Amino acid sequence: MGVTDLPLSTLLAARIREGFEDYHARFAVITQRARNRFETRDWSAARQDAVERIGLYDACIAETVDALRRSAGEAIGQRGLWLQIRSAYAAMIEPLIDAELYKTFYNTLARRLFATQGVDADVEFMAMDVVPSDAITHPVARHTYAVSATRPAEALMRVLGDYQFDVPYVYQLRCAAAIAVRLQDDLQHWGDHPVRSIELLDTVFYRERRAYLVGRVFGEHRFSPCVIALVNDDKGLRADAVLTRRRDVAHLFGVSRSYFQADLTTVGDAVVFLRSLLPAKPIDEIYTVLGRAKQGKTERYRTFFHHFQTHPDEQLVHADGTPGMVMAVFTLPSYPLVFKLIRDRFAWPKKMTRSDVEEKYALVFTLDRVGRLLDAQPYRYLRFPRARFSAALREELLTQCASSVHEEGDDLVIDLCYVQRRFRPLNLYLREQTAEARRAATLDYAQAITDMARNNIFPGDMLPKNFGVSRHGRAVFYDYDELSLLTDCVFRAWPQPRNAEEAMADEPWFHVGPHDVFPERFAPFMGLPATELAAVREHFGHLFDPAWWQGLQARFVAGDYPDTPPYAASHRLA
């Protein structure tokens with residue numbers, strides 16, 4: 001039977017499978033550039049690759065929609081045909097490791113064609129019915145190395161020998177010995193011969209200016225994550241750090257980080273392996289940090305609504321924190337997510353439009369987030385039972401977010417919202433903690449502003465209410481309506497008054513442009529208690545110096561971005 005003799009439903013199912021496989025192949029082509037970017041230290045091109053890869057999914061969806069319309073003509077909108085397509089497609093992908101990714105691609109197509117609101121169980125694959133990792137038993141490709149009790153560096157020499165690049169290691173033996181010493185020191189509580197073997201994925205993970213060898217280190221009775229960070233800088237190619245604590249590896253794979261470039265032939269088996277390293281990390285975050293953001297959204301939807309349905313008496317309520325002038329934010333108290341909706345009107349002095357806010361969140365999606373900006377995933381047409389909202393929240397959404405929310409029978413349908421992990425607002429955290437914890441969080445808040453600035457990100461609104469604190473005490477920024485690129489700002493020294501009249505003026509006596517920023521006046525905009533503000537001034541005085549910001553701008557214009565390691569200095573090798 002020729003292709004043209006196939007039933008239309010089978011032909012279209014094949015077109016959808018081809019569409020996903022074309023996306024997967026093009027995704028791999030971009031990802032494979034990461035090795036060359038690392039070897040040649042072409043960090044600017046690496047940033048461009050990251051942005052290109054993020055936009056690839058929607059481009060491939062649009063191309064596949066066009067192909068389906070050309071193949072089916074007016075029949076493309078017939079629901080009966082799509083029931084047959086779904087059945088044929090399910091049979092085609094059933095044995096595949098990444099069948100869930102194929103299903104998500106199909107669902108995106110169906111929702112685009114039918115402009116689906118909520119979920120159409122007859123046409124779509126129901127994410128609620130499947131736990132993707134449960135069915136995957138295929139072992140992901142990896143290397144295993146036995147480690148001698150007396151000569152552990154020999155095993156690490158074999159490791160580095162198996163992960164070769166087009167630039168040589170500098171002092172390869174010294175690197176191997178330093179890794180071996182660090183593993184022995186980190187795991188000495190395991191006993192006299194703590195490291196028995198090391199297991200590393202074949203695939204090298206790239207992000208920003210580093211390459212990572214990701215795997216596990218085994219003792220006699222236990223194992224721990226093992227991530228070896230490689231750098232290629234003015235000193236050459238070498239091992240820079242070793243991470244063995246789950247906390248540190250979880251941060252490396254965290255929701256405030258940009259996506260890895262990891263050339264995985266299949267994804268589901270790698271996710272299963274990574275979950276063995278990070279059992280507390282949600283599966284949606286692992287898919288997302290591997291660059292599979294759409295699959296991450298599917299998994300996040302599935303796990304949240306499963307929890308939502310199994311807690312039928314719990315209501316959606318306002319999230320803790322100061323109500324925003326731009327966003328209304330709600331949560332389910334027992335689940336660590338927040339839902340953010342754009343308000344219809346913004347209180348003074350906010351001057352942006354709704355489209356401006358959407359553009360800011362889209363910008364963050366493509367930025368190098370350096371561990372300081374939370375990933376914010378947009379969701380459209382989420383449907384919740386009306387009765388599950390608290391009365392106060394329901395009233396606010398219907399009156400102040402009417403552009404995004406409407407009622408349909410017993411449901412509220414949210415046309416657009418942004419979903420983020422829930423963190424404790426910094427302003428509340430500072431009221432609740434000990435003096436020592438307040439000081440640590442405040443200094444990390446200042447470090448967060450510094451880290452963002454060093455990556456061409458200016459938060460705009462620095463108030464603590466716009467920052468959150470993780471369970472490990474790390475500060476992250478999550479409110480993006482005032483965010484901009486540092487290179488779009490004009491940093492100025494605060495003009496000195498020329499006479500008493502200017503000195504006593506209630507309003508600035510000099511012209512202030514729309515992009516002007518005066519770092520010397522940051523203190524009131526930080527809104528910190530006096531003790532904490534003094535600590536910031538002492539340890540991060542550069543934040544109040546216009547010359548520091550101007551110096552960063554000059555570096556960015558020259559294409560020189562400072563390096564921001566994603567781990568503490570204590571993890572770096574001698």
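The values are calculated or read from the model by the stated rules, or taken from the named source; none is laboratory data. Small disclaimer: the values here were computed from a predicted structure and weren't measured. Glycine gets a Cβ as well: all are built from the backbone with ideal geometry, and neighbour counts include every protein chain shown.
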- Query: Taking interchain pairs and intrachain pairs at least six residues apart, which have beta carbon atoms under 7 angstrom, with the first residue in the stretch 95-109 and crowded, with 23+ Cβ neighbours inside 10 Å and the second assigned to a helix (DSSP H, G or I) and at pLDDT below 90?
  - Reply: E100/P132
- Determine whether L363 is in contact with a strand residue (DSSP E or B) (Cβ under 6 Å, 6 or more places away or on another chain) and hydrophobic (A, V, I, L, M, F, W, C). no
- Query: If you scan the stretch 11-60, which residues turn out to be at pLDDT below 95 and of a type in the set (S, T, Y)?
  - Reply: S44
- With the condition kept exactly as written, say whether any residue in the stretch 499-512 is more than 28 Å from M352 (Cα to Cα), among the acidic types (D, E) and buried (at least 16 other Cβ atoms within 10 Å of the Cβ). no
- Task: Please determine, by comparing only the residues of the stretch 334-388 that are among the aliphatic types (A, V, I, L, M) and part of a helix (DSSP H, G or I), which one is surrounded by the most Cβ atoms within 10 Å (Cβ to Cβ).
- Result: V357
- Message: Taking the conditions exactly as written (buried (at least 17 other Cβ atoms within 10 Å of the Cβ), of a type in the set (D, E) and in a helix (DSSP H, G or I)), does D451 satisfy them or not?
- Response: yes
- Item | Residues of the stretch 251-304 satisfying the condition of being hydrophobic (A, V, I, L, M, F, W, C) and part of a helix (DSSP H, G or I) | L252, A270, V271, V272, F273, L274, L277, I283, I286, V289, A293, F304
- Selection status of A13, surrounded by 21 or more Cβ atoms within 10 Å (Cβ to Cβ) and touching a strand residue (DSSP E or B) at 6+ places or on another chain (Cβ under 6 Å): no
- Message: Can you confirm whether R182 is in the same structural domain as F218 (by TED's automatic domain parsing), more than 27 Å from L264 (Cα to Cα), surrounded by 14 or more Cβ atoms within 10 Å (Cβ to Cβ) and in contact with a strand residue (DSSP E or B) (Cβ under 8 Å, 6 or more places away or on another chain)?
- Response: yes
- Would you check if there is a residue in the stretch 46-56 being closer than 22 Å to V204 by Cα, of a type in the set (G, A, S) and touching a Lys or Arg at 6+ places or on another chain (Cβ under 9 Å)? yes
- Listing of helices (runs of 4 or more DSSP H) fully contained in the stretch 497-568 that carry 1 or more residues being modelled with pLDDT of 90 or more and of a type outside the set (D, E, K, R): 522-526, 530-539, 546-557
- Would a scan of the stretch 470-490 turn up a residue that is exposed (fewer than 14 other Cβ atoms within 10 Å of the Cβ), part of a loop (DSSP other than H, G, I, E, B) and aliphatic (A, V, I, L, M)? no
- Message: Given the criteria out of contact with any helix residue (DSSP H, G or I) (no Cβ under 7 Å at 6 or more places or on another chain) and not assigned by TED's automatic domain parsing to the domain that holds S44, does A328 qualify?
- Response: no
- Please work out if V272 is surrounded by fewer than 22 Cβ atoms within 10 Å (Cβ to Cβ) and among the aliphatic types (A, V, I, L, M). yes
- Query: Just checking, how many residues over the stretch 204-249 are surrounded by fewer than 22 Cβ atoms within 10 Å (Cβ to Cβ), in contact with a helix residue (DSSP H, G or I) (Cβ under 9 Å, 6 or more places away or on another chain) and over 25 Å from D560 (Cβ atoms)?
  - Reply: 12
- Odd one out for T64, checked against (1) of a type outside the set (D, E, K, R); (2) modelled with pLDDT of 95 or more; (3) farther than 24 Å from F365 by Cα: (3)
- The condition from (1) modelled with pLDDT of 95 or more; (2) in the same structural domain as L397 (by TED's automatic domain parsing); (3) over 26 Å from A446 (Cα atoms) that F346 misses is numbered (1)
- Task: Just one of (1) surrounded by fewer than 20 Cβ atoms within 10 Å (Cβ to Cβ); (2) in a loop (DSSP other than H, G, I, E, B) trips up H406, so point out which.
- Result: (2)
